[in-house]
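Visitor: Handing you this structure, nothing more for now.
Where a number appears in this text, it was derived from the coordinates with a stated rule and is not lab data. Keep in mind that this is a model prediction, so the values were computed, not measured. Glycine gets a Cβ as well: all are built from the backbone with ideal geometry, and neighbour counts include every protein chain shown.
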Amino acid sequence: MALRAVRIFVLVILASPSVAQACAVCFSGRSDEQREAFLATTGLLTFLPLILLGFGVWAFVRRVRRIEAENAALVERVRAEV
Amino acid sequence: MNEDQLRLVGMEGMARRSQIMDSRALGMLIFVFTEIMLFAGFVSGFTIIRSAALAWPPPGQPRLPLEETAINTAALLASGLALVIAHRVFKRNRRQARWPLLASIVLGAMFVVFQGVEWVGMLRAGLTLTSSVLGSFFYTIIGLHALHAVAALALLVRAWLLLQQGRLQPGLFLASQIFWYFVVGVWPFIYLRVYP
């Protein structure tokens, strides 16, 4: 019975989103410009740290590979000298 | 094991111990990472507030000096370019890097000074920290950037003084550069988002 009531409640909420604006910032999401602003800033704050971390990992791997190549060349040179 | 073999083992061991990145530069990169997110948060807040405004700039508030600040922006970008040149020259001949580094510092100082002049003008025009939401965001975001610019300039000046004395280490120079590149790189986004 309780489960049925919950289901009906959820369906009602989904069917009428305008009366279910529980989000603290939904008051201002009524024009296209505001919706775009919310979407753009959410995207920015979501993906920017991922991009930065990705760049950091890429730079780290690149640097490690370069050092390894330099080390290998150094060892080869010493071997050739020996 | 003969002497040559010992030398080979020693060289391999030394090679394995190579540092991936200077600690100062790595620390600065982590700091810059957090600062990028700080500015992203402020600019996001500004974007949301601006999109909700009925009129922009708010009634009774002056328009931000977009054209005058374009000259400042050019000076800042030129400063970043001079630092790139200084970095390249530093790798070949350390002493010769002081001129492009000095040019970078002077152009950066010009940016900070002109920003100060602009602030005086905006204050006279009635835009204050409490006059409107535009004033609050303007002085917070641009002021925060100016604070970073002053701190980064102080690092560059220190690097220049050490270079003059022949004591500038590449790691310290790189850390100073990273900070200044951040100040230069984040500005066009702020300028294009806040000023128009």
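Visitor: Based on the alpha carbons, how large is the Rg to Rh ratio for the protein assembly as shown when Rh follows Kirkwood?
Guide: 1.15
Visitor: Quick one: if you stick a label point 7 Å off each Cα along the C-beta vector at residue B:49 and residue B:189, how many nm between them?
Guide: Output for this residue pair reads 1.9 nm.
Visitor: Here is a further query. If one computes the Cα centroid of region B:153-191 and of region B:100-139, what distance in Å separates the two points?
Guide: Cα centroid of region B:153-191 versus Cα centroid of region B:100-139: 21 Å apart.
Visitor: For chain B, what is the mean residue ellipticity at 222 nm derived from helices alone (per DSSP H run of n ≥ 4: -39500 (n - 2.57); sum divided by total residues; nearest 500 deg cm²/dmol)?
Guide: After summing the helix terms and dividing by the residues of chain B, the value is -28000 deg cm²/dmol.
Visitor: How long is the gain from residue A:10 to residue A:31 if the chain were fully straight, where each residue apart is worth 0.36 nm and the alpha carbon distance is subtracted?
Guide: Length difference between fully extended and current span is 5.0 nm.
Visitor: Round to the nearest 10 and give me the degree value, 0 to 90, for the angle of helix B:66-92's Cα axis relative to the longest principal axis of chain B.
Guide: Approximately 0 degrees, to the nearest 10.
Visitor: Measuring from a point 7 Å past the Cα of residue B:181 along Cα-to-C-beta, which residues in region B:100-127 have an amide N at less than 20 Å?
Guide: Only B:100-109 fall inside the zone, counting backbone N under 20 Å.
Visitor: Moving to a separate point now. Which Cα, out of B:100, B:41, B:112, lies furthest along the positive dipole direction of the protein assembly as shown (beta carbon charges, K/R +1, D/E -1)?
Guide: The one lying farthest along the dipole's positive direction is B:100.
Visitor: What number, in percent, do you get for the relative contact order of chain B if the mean sequence gap of Cα pairs under 8 Å and at least 6 apart is divided by its residue count?
Guide: About 31 percent, as a whole number.
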